[in-house]
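Written below as structure tokens is the structure these notes are about.
The values are calculated or read from the model by the stated rules, or taken from the named source; none is laboratory data. Note that this is a predicted model, so its numbers are computed, not measured. For neighbour counting, all protein chains shown are included, and Cβ atoms are generated from backbone atoms with ideal geometry for every residue, glycine included.
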Protein chains: 2
Amino acid sequence: MSAHEIHELGDFTLESGQVLPDARLAFATYGELAADRSNGILFPTWFAGTHEANEWLIGPGRPLDTDRYFVIVPSLFGNGLSSSPSTTPPPFDRARFPRVAIRDNVRAQHLLVTGRFGIERLRLVLGASMGAAQTYQWAVSHPDMVERIAPITGSSHTSPHNQVFLEGLRAALTADSAYAGGDYAEPPRAGLRAFSRVYAGWGLSQAFYWRHTYRDLGFAGIEEFLTGVWEPTFGDWDANDLLAMMDTWQHADVGGTPGFGGDTEAALASIKARAMILPSRTDLYFPPEDEEWSAARIAGAELRVVPTLWGHLAGGGADPEAAAFIGSALRELLARP
Amino acid sequence: MSAHEIHELGDFTLESGQVLPDARLAFATYGELAADRSNGILFPTWFAGTHEANEWLIGPGRPLDTDRYFVIVPSLFGNGLSSSPSTTPPPFDRARFPRVAIRDNVRAQHLLVTGRFGIERLRLVLGASMGAAQTYQWAVSHPDMVERIAPITGSSHTSPHNQVFLEGLRAALTADSAYAGGDYAEPPRAGLRAFSRVYAGWGLSQAFYWRHTYRDLGFAGIEEFLTGVWEPTFGDWDANDLLAMMDTWQHADVGGTPGFGGDTEAALASIKARAMILPSRTDLYFPPEDEEWSAARIAGAELRVVPTLWGHLAGGGADPEAAAFIGSALRELLARP
């Protein structure tokens with residue numbers, strides 16, 4: 001794994017009122033911060049990912065060009081690098097880890113960006129999937145600090161269907177009695193396997209499978225693809241960490257930002273950043289229609305539906321054509337005044 | 001439950017070569033068989049359903065008008081009424097119940113239709129979901145016996161994505177160690193709950209949930225809908241019965257019919273029945289694109305995509321508008337020479 005650093009948050013008061021002692025925010029940086037601190041880009045991670053999953057867009061000559069920009073990738077709470085159920089001592093260990101909101105992540109990231117780096121304005125905040133939820137939240141919480149946003153294959157609030165999808169994953173994982181309410185001695189392997197296999201149907205589109213794209217990737221059949229790709233994707237994660245991130249995901253809604261009283265539309269209307277919104281045409285749990293709805297409520301927002309059969313995974317660079325589409329959209333967004 | 005009868009099949013040799021002793025085919029009939037036996041309609045059941053689930057289309061003045069037609073509804077093997085893991089004695093009880101193919105169901109139904117009722121031609125074979133798989137198989141296995149077919153929200157062969165969806169359900173159910181390889185003393189309740197909650201995301205569309213349609217149905221929120229509708233839908237089924245029906249579903253493919261050597265397209269091209277194919281526009285595991293593919297390979301087939309937000313469930317009469325659409329398509333099909 002490429003290097004990351006830790007920003008110590010000390011006793012960190014969460015939106016719920018609970019205090020997480022000795023909270024830690026993991027982050028990685030790429031490129032050099034300009035002397036005037038004007039070239040910062042923030043790129044939060046997604047569910048069950050670390051900074052490494054974002055690196056496909058970062059580097060010299062890449063869309064997030066490290067010859068020009070200073071890219072900060074903060075890790076989501078629960079991902080095993082930032083404070084997580086698996087890394088936190090009692091009394092907040094395991095399933096006793098407190099509920100962490102998307103806004104808690106954003107507040108920790110704000111402390112990092114302003115306190116550690118002295119950055120007052122960000123060129124761009126972007127992220128895929130749960131990274132998109134953090135992106136929207138940044139634009140709502142810090143309207144004068146964020147110049148541009150690019151939410152990719154994600155949403156401003158977790159839709160009811162998306163919540164049902166997550167409930168299915170949670171039920172599959174915890175159907176394994178080895179989960180033991182989070183106090184497992186050994187990982188709940190059957191539950192993690194079920195989680196992975198349920199996820200496999202959602203992560204890619206019907207058409208991806210219809211065209212046997214898994215064969216192009218070197219897998220003889222469905223079973224080989226499930227055991228070769230999907231089970232390793234989640235099977236080695238800590239179950240409590242997965243559930244903590246899912247809980248953050250499930251409760252995401254910019255409408256909950258103080259001052260908006262639960263009004264998601266009003267929160268979106270408050271966004272001042274130039275928005276380029278990039279859903280995948282075939283995403284089964286963040287369908288493009290939902291992002292049309294969000295785009296229509298942000299002044300000047302542009303919706304570009306990524307043409308791909310790779311479903312949700314298109315936001316992570318897995319499909320070369322989608323990756324190129326997203327890359328050029330980001331270049332164009334960054335070039336705009 | 002409305003009445004059903006049993007057709008004894010005796011020792012029934014399956015496509016696999018295994019013999020199921022004392023096999024039983026449950027069925028219900030509606031209306032009167034004409035003296036010339038020319039008014040028969042066959043309407044096989046779907047996954048985790050019995051004849052009662054088909055009754056919304058059957059009755060005096062309804063699309064399958066019992067003043068004119070004699071409607072036979074045979075129960076799928078595994079549904080608890082026809083031979084099933086839960087009803088079969090050792091050595092074929094529980095998970096030892098043999099694999100049953102869609103073609104085995106069709107062969108048993110053919111024995112019922114011809115042997116018990118002396119019917120040589122069927123006005124219509126129709127079915128929703130797994131019922132559609134049986135419908136297609138009837139048209140391929142008995143091209144000169146089936147005048148019309150109406151496959152609803154189903155397919156001629158189980159697509160790779162659909163198989164992944166089923167693998168997720170299977171993994172969720174069996175992640176519960178109480179399943180015990182099928183030899184449970186008590187039902188694997190956590191597994192059945194997980195199965196139900198995973199299914200909830202697939203059975204209806206994203207837009208159904210987005211519009212909070214569950215509120216119109218009297219459920220305050222997602223959780224109430226999951227526990228009030230989805231958990232009862234599958235929670236009281238026998239786990240081995242569910243898995244047996246899923247196994248039948250997963251291996252469905254008209255291409256496997258003897259004489260076609262696995263060539264699904266050739267099997268479809270052999271269909272002589274007038275076909276009216278009715279997928280739901282928002283079905284997440286039998287998407288309309290798949291049925292477009294099948295329709296294009298059957299001479300004279302008509303594809304009518306059901307305009308609904310009720311996803312897969314639209315095929316079962318749950319959405320009044322979809323029900324009316326399907327009903328009038330069936331009336332039209334039956335009126336054609």
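Has the range B:229-252 got at least one residue that is among the small types (Gly, Ala, Ser), touching a residue at least 40 places away in the same chain (Cβ under 8 Å) and closer than 16 Å to B:His157 by Cα?
Looking only at the range B:229-252, we keep the residues that are among the small types (Gly, Ala, Ser), and these are B:235, B:239, B:244, B:252.
Subset that is touching a residue at least 40 places away in the same chain (Cβ under 8 Å): B:235, B:239, B:244, B:252.
Among the residues that remain, those that are also closer than 16 Å to B:His157 by Cα are: B:252.
Yes, because at least one residue in the range B:229-252 is among the small types (Gly, Ala, Ser), touching a residue at least 40 places away in the same chain (Cβ under 8 Å) and closer than 16 Å to B:His157 by Cα.
Counting just the residues of the range A:64-83 that are closer than 26 Å to A:Thr233 by Cα and among the hydroxyl-bearing types (Ser, Thr, Tyr), which one comes out farthest from the chain's Cα centre (by Cα)? Let's see the steps before the verdict.
First, pick out the residues of the range A:64-83 that are closer than 26 Å to A:Thr233 by Cα: A:64, A:71-83.
Those left that are additionally among the hydroxyl-bearing types (Ser, Thr, Tyr): A:75, A:82-83.
Numbers: A:Ser75: 9, A:Ser82: 14, A:Ser83: 16 Å.
So the residue we want is A:Ser83.
Can you work out which of the residues in the range B:171-209 that are in contact (Cβ under 8 Å) with a residue 40 or more places away in the chain, aliphatic (A, V, I, L, M) and buried (at least 23 other Cβ atoms within 10 Å of the Cβ) is nearest to B:Pro98 (Cα to Cα)?
Taking the candidates together, the pick is B:Leu173.
Would you call B:Ala185 more than 13 Å from every other protein chain (Cβ to nearest Cβ) and in a loop (DSSP other than H, G, I, E, B)? Please lay out each step first, then the result.
Values: more than 13 Å from every other protein chain (Cβ to nearest Cβ): yes; in a loop (DSSP other than H, G, I, E, B): yes.
For B:Ala185, the condition - more than 13 Å from every other protein chain (Cβ to nearest Cβ) and in a loop (DSSP other than H, G, I, E, B) - is met.
Give the residue, chosen from B:Leu9, B:Leu33, B:Leu76, B:Leu14, that is buried (at least 23 other Cβ atoms within 10 Å of the Cβ) and touching a residue at least 60 places away in the same chain (Cβ under 8 Å). Reasoning before the result, please.
Values: B:Leu9 fails: buried (at least 23 other Cβ atoms within 10 Å of the Cβ); B:Leu33 fails: buried (at least 23 other Cβ atoms within 10 Å of the Cβ); B:Leu14 fails: buried (at least 23 other Cβ atoms within 10 Å of the Cβ).
Being buried (at least 23 other Cβ atoms within 10 Å of the Cβ) and touching a residue at least 60 places away in the same chain (Cβ under 8 Å) holds for just one of B:Leu9, B:Leu33, B:Leu76, B:Leu14, which is B:Leu76.
Name the helices (runs of 4 or more DSSP H) wholly within the range A:242-337 that hold at least 1 residues that are among the β-branched types (Val, Ile, Thr) and modelled with pLDDT of 95 or more?
On the way: elements: A:264-269, A:288-295, A:320-335.
The helices (runs of 4 or more DSSP H) meeting that bar are A:264-269, A:320-335.
Could you list, ordered by first residue, the pairs with Cβ atoms under 7 Å in which the first is in the range A:290-313 and in the same structural domain as A:Ala139 (by TED's automatic domain parsing) and the second is buried (at least 17 other Cβ atoms within 10 Å of the Cβ) and at pLDDT below 95, at least 6 apart or interchain?
Filtered contacts from the range A:290-313: A:Trp310/A:Ala318.
Can you tell me which residue is surrounded by the fewest Cβ atoms within 10 Å (Cβ to Cβ) among those in the range A:44-63 that are within 19 Å of the chain's Cα centre (by Cα) and more than 27 Å from A:Ala239 (Cβ to Cβ)? Please lay out each step first, then the result.
First pass over the range A:44-63, keeping only residues within 19 Å of the chain's Cα centre (by Cα): A:44-58, A:63.
Next cut, more than 27 Å from A:Ala239 (Cβ to Cβ) only: A:56-58, A:63.
On the way: A:Trp56: 16, A:Leu57: 23, A:Ile58: 21, A:Pro63: 23.
Across the range A:44-63, the extreme among qualifying residues is A:Trp56.
Mind listing whichever residues of the range B:188-240 are more than 9 Å from chain A (Cβ to nearest Cβ), in contact with a Phe, Trp or Tyr (Cβ under 6 Å, 6 or more places away or on another chain) and assigned to a loop (DSSP other than H, G, I, E, B)?
Within the range B:188-240, B:Phe219 is the sole residue that qualifies.
Return a yes/no flag: does the range B:160-170 have any residue that is in contact (Cβ under 8 Å) with a residue 24 or more places away in the chain, under 27 Å from B:Pro21 (Cβ atoms) and within 14 Å of chain A (Cβ to nearest Cβ).
Yes.
Is at least one residue of the range B:240-252 touching a Pro at 6+ places or on another chain (Cβ under 7 Å) and over 22 Å from B:Val229 (Cβ atoms)? Full working, then the answer.
Of all residues in the range B:240-252, those touching a Pro at 6+ places or on another chain (Cβ under 7 Å) come to B:240-241, B:244.
Now restrict to residues that are over 22 Å from B:Val229 (Cβ atoms): B:240, B:244.
Checked the range B:240-252: at least one residue is touching a Pro at 6+ places or on another chain (Cβ under 7 Å) and over 22 Å from B:Val229 (Cβ atoms).
Return yes when A:Val229 is surrounded by 23 or more Cβ atoms within 10 Å (Cβ to Cβ) and hydrophobic (A, V, I, L, M, F, W, C) and no when it is not. Spell out the reasoning first.
Values: surrounded by 23 or more Cβ atoms within 10 Å (Cβ to Cβ): no; hydrophobic (A, V, I, L, M, F, W, C): yes.
Spelling it out, it is not the case that A:Val229 is surrounded by 23 or more Cβ atoms within 10 Å (Cβ to Cβ) and hydrophobic (A, V, I, L, M, F, W, C).
Any residue at all in the range B:129-152 that's surrounded by fewer than 24 Cβ atoms within 10 Å (Cβ to Cβ), on the phi > 0 side of the Ramachandran plot and either among the aliphatic types (A, V, I, L, M) or touching a residue at least 12 places away in the same chain (Cβ under 8 Å) (or both)?
No, there is no match, as no residue in the range B:129-152 is surrounded by fewer than 24 Cβ atoms within 10 Å (Cβ to Cβ), on the phi > 0 side of the Ramachandran plot and either among the aliphatic types (A, V, I, L, M) or touching a residue at least 12 places away in the same chain (Cβ under 8 Å) (or both).
Filtering the range A:84-95 down to residues that are touching an Asp or Glu at 6+ places or on another chain (Cβ under 8 Å) and not charged (D, E, K, R), which residue is farthest from A:Phe234 (Cα to Cα)?
First pass over the range A:84-95, keeping only residues touching an Asp or Glu at 6+ places or on another chain (Cβ under 8 Å): A:84-86, A:94-95.
If we keep only those that are not charged (D, E, K, R) as well, we get A:84-86, A:95.
Working: A:Ser84: 16, A:Pro85: 16, A:Ser86: 15, A:Ala95: 18 Å.
Restricting to residues being touching an Asp or Glu at 6+ places or on another chain (Cβ under 8 Å) and not charged (D, E, K, R), the top hit is A:Ala95.
Determine whether the range B:94-109 contains at least one residue that is over 30 Å from B:Leu57 (Cβ atoms) and within 14 Å of another protein chain (Cβ to nearest Cβ).
No: the range B:94-109 contains no residue that is over 30 Å from B:Leu57 (Cβ atoms) and within 14 Å of another protein chain (Cβ to nearest Cβ).
State which residue is farthest from B:Trp237 (Cα to Cα) when the search covers only the range B:154-180 and only residues that are more than 19 Å from the chain's Cα centre (by Cα) and not in a helix (DSSP H, G or I).
Filtering first and then ranking leaves B:Ala175.
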